[in-house]
1. Reachable lysines from Lys159, Cα under 20 Å, same-chain residues fewer than 8 places away excluded?
2. Given a Förster radius of 45 Å and the C-beta distance between Asp200 and Ala104 as r, what FRET efficiency does 1/(1 + (r/R0)^6) yield to the nearest 0.05?
3. Under a straight-distance cross-link criterion of Cα-Cα below 19 Å, which lysines are reachable from Lys116, leaving out those fewer than 8 residues away in the same chain?
4. Quote the FRET efficiency, to the nearest 0.05, computed for Asn65 versus Glu221 with a Förster distance R0 of 45 Å and r equal to the Cβ-Cβ distance.
5. Between the DSSP loop rule and a limit of at most 11 other Cβ atoms within 10 Å, which trypsin sites (Lys or Arg not before Pro) in segment 169-255 are left?
6. What shape does segment 150-258 take by its C-alpha gyration tensor, where a ≥ b ≥ c are the square roots of the eigenvalues and a/c under 1.5 counts as rounded, a/b above b/c as prolate, and the rest as oblate?
7. Once you place label points 7 Å from the Cα toward the Cβ at Ala214 and Ser172, how far apart are they in nm?
Amino acid sequence: MRKISLGSVMVAVLVAVVAFAPTLPAAATVVFYTVQKGDTLSAIAQRYGSTVTALARFNNLVNPNLIMPGQRLEIPDGDGGATYTIKPGDTLWDISQRQGVSLAGLKEVNPGIDPKCLTVGSTIKLPGTERILASRQAANIALAWPVTGRISSVFGWRKGRMHQGLDIAASSGEMITAPAPGQVVTVGWYGGYGQRIIIDHGRGIRTLYAHCSAILVKPGEQVRTGQGIARVGTTGNSTGPHLHFEVHVNGRPYDPLQFLR
Ligand SMILES: [Zn+2]
């Protein structure tokens, strides 16, 4: 029999705010939930007024039945998830500042709220339009395969750690090509990633290539789809020649398979 302590409930409702990479015009809000022992995705979804499908999609969960204690989930605010409970002394201004949302946005999603008379313990909605825009934007990206090869590891949790990219096994020296037009942001050695490249495709979308044996582009360079940018290698923390490929939207990694066409 499981006992739920007040402490764990308080941890569960802890609301954290992050500011995305400065590609977005303003900060977006995200509600984080840390998975507790015994949690199921459906219970979490119910608690936040969300759905299993929405949570799985939002967190790029490969298997919605497999969540682990300590794993951090983002609760989609566009699906009625992000709320805030009024505490004594709160003003709408304080809340907007702490949650990183605009005062106008707060008023907009809470029509009829009286800023001069907030009820302690009542729940208000947090605006999340930027977040919704970001996921819509992500849904419209199509990327070409950067290398021909066999998928050796997919995006998602493996052995308790998040694998933020897609591994494509290919021969050492095989050409890696740009999957979309963009501008090279950075190239060079980066810890376990080995020789790494990041390309910015605009609209908050970036792609990353790790373990390269050679890099064929320079920072600032414009690349076109299909242009050779690097060669497959096994530099950094790698057990054999492969491309570790990541796709980030507004600073957050997504499953590259969602975008590859
Ligand atoms: Zn990898």
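1. Straight-distance partners of Lys159: Lys37.
2. Details: r = 30 Å, r/R0 = 0.66.
Rounded to the nearest 0.05, the efficiency is 0.90.
3. Reachable lysines: Lys87, Lys107, Lys125.
4. Working: r = 44 Å, r/R0 = 0.98.
E between Asn65 and Glu221, to the nearest 0.05, is 0.55.
5. Values: sites: Arg196, Arg203, Arg206, Arg224, Arg231; in loops: Arg203, Arg224.
Sites meeting the loop and neighbour criteria: Arg224.
6. On the way: a/c = 1.63, a/b = 1.16, b/c = 1.41.
Oblate shape, in that a/c is at least 1.5 and b/c is the bigger or equal ratio.
7. About 1.3 nm separates the two model spin labels.
FYI, it's all coordinate maths here, none of it is from the lab. From a predicted model like this one, the values you see are computed outputs, not experimental measurements. As a convention, Cβ positions derive from the backbone with ideal geometry for all residues, glycine included, and neighbour counts pool all protein chains shown.
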